[in-house]
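The values are calculated or read from the model by the stated rules, or taken from the named source; none is laboratory data. Just so it is clear, the structure is predicted and the values come from calculations on it, not from any experiment. Because the Cβ atoms are built from the backbone with ideal geometry, glycine has one as well, and the counts that use them run over all protein chains shown. Side chains included, ligands, DNA and RNA excluded: accessible areas come from the protein's heavy atoms. Shrake-Rupley method; radii C 1.70, N 1.55, O 1.52, S 1.80 Å.
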Amino acid sequence: MESIHTKTHIVKDLLAFTLIVFISYILKDFLIPIFFAILLSVLIYPIVRFFETRLYFNRIFSIIIAILVFSAIIFFIFTLIGIQFQNILDKSDMYYDKIMEKIHVLIIQTENYTGIKSEDIVGSGQIEVKKIVKENSNSILELLTRSGSILSDFILTPLYMFFFLLYRTFLISFLHKATTNSRKNTRVVLSQLYDVQQNYLVGLGSVMVIVGLLNSVGLLVLGIDYPFFFGFLCALLLLVPYIGIIIGSLLPAAVALATKDSYWYAAGVIAIFGFIQFIEGNFITPKITGSKVSLNSFTSILAIILFSMLWGIPGMILALPITASLKVLFDNSEKFKPVGFVLGEAEDKYFSNRAKNRLKIWKRIRSQK
């Protein structure tokens, strides 16, 4: 009878999980800006609190100032990126011609070594832009539609942030009334959720600065144009974990291919960025954010893949903070505590060698004698 009861609970949990995933996919255009608003509200809450407690500003006035300051910083960053991109685009024809010259030389060398004719490699040779646009008009229209959705998110997210910060005390009271736990336990869980998000955001910002400096130094050593722009642009792409820095290396590699005499400079850019990603993924991020977010690498990769399948690129950005929040909830639930355990970092004892441990114990016993 007990086994039947357990199986029923498992089936109900699986159905609930499936329903949550289905609803999350259907309502992604509604949920994504809300989750971004929650995350960014946590980020600017210390500024709001400073205005309220230290400068004694009205809550509404404090929130508006904080959101405007944050929006101005984001606008300034994207304006700098846009200006620098415009400078690069002004030289795009020159870059394109030089890259095509090197590609042509590479094709001739391939033809000489392999005997494959250049026509078989590049086809007729000329690319008609109008034909490409005509054949991919549906994809372009879909991209514009998605861009409109992204634009609406930029409008909705600050609005949601304003209301989350304005009604934060009211919402906390609602959670106290909605949960069966005591007010003290609910307060502890909410505090842990806030800490894990704040630590993740602060840690991510610190990692971006460190990786940006490392990227810039690597590009300076190679003598690549716009080293600090490419270095910090690639670091900004750490918002898309694991693959962002590799994607960001392609543009400076193309510039290196266009401006340098050897192909090895482009290969060097990709190699340096790949090495920095290895350092970032295995040492920098675990040291700065890993101990505070407490997600193991396998869980992080799975979360990024699953959320990217569910919500695309925004899902990849939100994957780790949402998964870290779920771990906090699971750790504070008796029923799902094992799930929280498997999401977290594994202790050193789970990587130890049993024979080596027995040898240590034996040596300790011998030394005591």
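Residue under question is Thr186, and the condition is that it be free of Cβ contacts under 8 Å to residues at least 40 places away in the same chain, farther than 30 Å from Ala267 by Cβ and in a loop (DSSP other than H, G, I, E, B); does it hold? Criteria not met by Thr186.
Filtering Leu39, Leu14, Leu27, Leu43 for residues that are surrounded by 10 or more Cβ atoms within 10 Å (Cβ to Cβ) and modelled with pLDDT under 85 leaves a single hit, Leu14. If the requirement is being small (Gly, Ala, Ser) and out of contact with any helix residue (DSSP H, G or I) (no Cβ under 6 Å at 6 or more places or on another chain), which of these qualifies: Ala319, Ala256, Ala267? Step by step, each of Ala319, Ala256, Ala267 is checked, and only Ala267 is small (Gly, Ala, Ser) and out of contact with any helix residue (DSSP H, G or I) (no Cβ under 6 Å at 6 or more places or on another chain). For the stretch 217-235, the set of residues classified as part of a helix (DSSP H, G or I) and under 22 Å from Asp90 (Cβ atoms) consists of Leu219, Pro227, Phe228, Phe229, Phe230, Gly231, Phe232, Leu233, Cys234, listed by residue number. Name the single residue that is modelled with the lowest pLDDT among those in the stretch 193-227 being buried (at least 17 other Cβ atoms within 10 Å of the Cβ) and of a type in the set (S, T, N, Q). Filtering the stretch 193-227 for residues that are buried (at least 17 other Cβ atoms within 10 Å of the Cβ) and of a type in the set (S, T, N, Q), the one modelled with the lowest pLDDT comes out as Asn199. When the helices (runs of 4 or more DSSP H) confined to the stretch 1-96 are screened for residues that are out of contact with any His (no Cβ under 7 Å at 6 or more places or on another chain), without any contact (Cβ under 8 Å) to a residue 40 or more places away in the chain and aromatic (Phe, Trp, Tyr), those reaching at least 3 such residues are found at 28-53, 59-90. Selection over the stretch 244-278 of residues that are among the β-branched types (Val, Ile, Thr) and exposed (fewer than 14 other Cβ atoms within 10 Å of the Cβ) gives a count of 1. Per the listing Ile116, Ile103, Ile127, the residue uniquely in a helix (DSSP H, G or I) and modelled with pLDDT under 80 is Ile103. Cβ-Cβ contacts under 6 Å between residues 6 or more apart (or on different chains), taken from a first residue in the stretch 262-287 that is without any contact (Cβ under 8 Å) to a residue 40 or more places away in the chain to a second residue that is open to solvent by less than 20 Å² (accessible area, probe 1.4 Å) and among the hydroxyl-bearing types (Ser, Thr, Tyr), are listed as Ile270/Ser249.
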